[in-house]
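Structure record follows, encoded as structure tokens.
Bear in mind these aren't lab numbers, they're just calculated from the coordinates by the rules spelled out. It should be emphasised that the depicted structure is a prediction, and the values quoted were computed from it without experimental measurement. Note that each Cβ is placed from the backbone with ideal geometry, even for glycine, and that neighbours are counted across all protein chains shown.
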């Protein structure tokens, strides 16, 4: 999910409510935002604060094409990974050692992809599929 201070109060509250239900069901919460963690915290918005308390991993900062990079969970070098709970904190020591990953899922009718595609990924995939 994406968290922005500009989102309406109703949306922020809805995201916080959804995150509460997900966490109560045993799921983790992973958020992307084009804002820094410090910007979000300085808003002193109760819904944003509650959502941050429920978030396991937060990727902050806008995507900047001039800083594009193949980093785990991030598209550009200016974006930071924050482990806001203990749930995945052990990953912090290796976060900069693991490159971006793409997951491809194929069923009888569809191909879907998720992840951050490193430069040249599509070209290399086409080569592999043609060989």
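A few remarks follow.
- Scan of the range 57-80 for residues that are surrounded by 20 or more Cβ atoms within 10 Å (Cβ to Cβ) and closer than 23 Å to residue 23 by Cα, ordered by number: 57, 58, 59, 60
- Within the range 96-113, the set of residues being exposed (fewer than 10 other Cβ atoms within 10 Å of the Cβ) and either touching a strand residue (DSSP E or B) at 6+ places or on another chain (Cβ under 6 Å) or farther than 22 Å from residue 69 by Cβ (or both) comprises 103, 105, 106, 107, 108, 109, 110, 111, 112.
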